[in-house]
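Here is the structure we will look at, set down as structure tokens.
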Amino acid sequence: MSSAVSTNPAIQPQSWRAFVQAIRPPTLLAGLGPVFIGISLGLSQRKILQISEGPVVLPAAAAILLVVLLQASANLVNDAKDAEKGVDHGERLGPIRVVQSGLLTIQQVRLAYRILFALAALLVLGLFLMNPAPVIPLVALACGLAAYLYTAGPFPLAYYALGEVLACVFFGPIAVMGTTYLLTGQILWDTAIWGLGSGLIAAAIMAINNLRDRVGDRVAGKHTLATLSSDDTARKLPLLFVMGSAMLLAVYGFEHDKIIIGVPWTLLALSFIRRRITPRLQGEGALLNEALKITALFNLFYAILFASLVLL
């Protein structure tokens, strides 16, 4: 592992900018999309089920804050653990990693993610006191463990080609169902299906990240879908994920007699994919970094389309 301090003049070692870099703000968009979809489904279900009691704004805000805390924690754990294992190196093509570059020590990053996990636990405790149902701490515990075990523990999931699966499940069905539950107090299994859209986009973000890092990952012995498949397949995989999410807009429209909105929204999503994401998947390095940022933005765009389809 390199011990050289980053020469980036915009980020000084031991500064607040280094901590901001460590949590990787652009990736936080991956968690906000499913929460917005869950809020829209929760509001719709409250109307259908004629639920008039119970707060709405507070649990919705709590869901947003919780997913941000857990995503930021996962990013910090990832930074620390990849540096420990020697996966990060000076020639990597992605954003600066704060431990590898010397911007922060591994002890500082560990302290940071422990604080964020503690804040998330306090938030969950507050939600549990508002609604003492065991499903709240159980789901939150599962999410916290997933955030930590993604790159930590004796069986780091990201090192065994499970990154895309983990992203799809926790940034899709679980995030959407969990948010809907906070607003309705009921487990609504059909929301898991509609949560798959944002989950597939999160899986696409993971797949693009692994596509970009596949050469270094192979050297480090890290197994991802990109290192285990051909170059052509690794480039097609994220495209299939985002196209699958777009098709769910049409499916929801058909199932809820809103096809007149669902089809145009699907075409808008497919147009975004064709114009903004597809061309960048054919490149390397900087182009794949652009593809990551644009796919994260697509997650929010998709959430807006889906939420409006639900509520209109």
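Restricting to the range 182-197, name every residue that is open to solvent by less than 30 Å² (accessible area, probe 1.4 Å), farther than 18 Å from Ser308 by Cα and not hydrophobic (A, V, I, L, M, F, W, C). Result: Thr184, single match.
Scanning the range 213-223 for residues that are part of a helix (DSSP H, G or I) and open to solvent by 10 Å² or more (accessible area, probe 1.4 Å) yields Arg214, Val215, Gly216, Arg218, Val219, Ala220. Sort out which residues of the range 228-270 are open to solvent by less than 40 Å² (accessible area, probe 1.4 Å) and without any contact (Cβ under 8 Å) to a residue 24 or more places away in the chain, and write them in order of number. Selection gives Ser229, Ala250, Thr266. Taking the condition modelled with pLDDT under 95 and open to solvent by 20 Å² or more (accessible area, probe 1.4 Å), does Gly163 pass? In short, no.
Quick check, is Leu200 buried (at least 22 other Cβ atoms within 10 Å of the Cβ), more than 25 Å from Gly221 (Cα to Cα) and either modelled with pLDDT under 95 or among the polar types (S, T, N, Q) (or both)?
So Leu200 fails the test.
Counting only helices (runs of 4 or more DSSP H) that sit completely within the range 49-162, those holding 1 or more residues that are in contact with a Ser or Thr (Cβ under 7 Å, 6 or more places away or on another chain) and within 16 Å of Gln21 (Cα to Cα) correspond to 57-85, 98-101, 106-130. Scanning the range 134-158 for residues that are hydroxyl-bearing (Ser, Thr, Tyr) and open to solvent by 20 Å² or more (accessible area, probe 1.4 Å) yields a total of 2. Is it the case that some residue within the range 242-252 is of a type outside the set (A, V, I, L, M, F, W, C), under 22 Å from Pro26 (Cβ atoms) and either part of a helix (DSSP H, G or I) or out of contact with any strand residue (DSSP E or B) (no Cβ under 8 Å at 6 or more places or on another chain) (or both)? The answer is yes, given that some residue of the range 242-252 is of a type outside the set (A, V, I, L, M, F, W, C), under 22 Å from Pro26 (Cβ atoms) and either part of a helix (DSSP H, G or I) or out of contact with any strand residue (DSSP E or B) (no Cβ under 8 Å at 6 or more places or on another chain) (or both). Among the residues of the range 30-55, the one identified as among the small types (Gly, Ala, Ser) and open to solvent by 70 Å² or more (accessible area, probe 1.4 Å) is Ser52.
The values are calculated or read from the model by the stated rules, or taken from the named source; none is laboratory data. On a predicted model such as this, the values are computed, not experimentally measured, just so you know. So basically every Cβ, Gly included, is an ideal-geometry build from the backbone, and we count neighbours across all protein chains shown. Side chains are part of the model used for accessible areas, which takes the heavy atoms of the whole protein and leaves out ligands, DNA and RNA. Shrake-Rupley method; radii C 1.70, N 1.55, O 1.52, S 1.80 Å.
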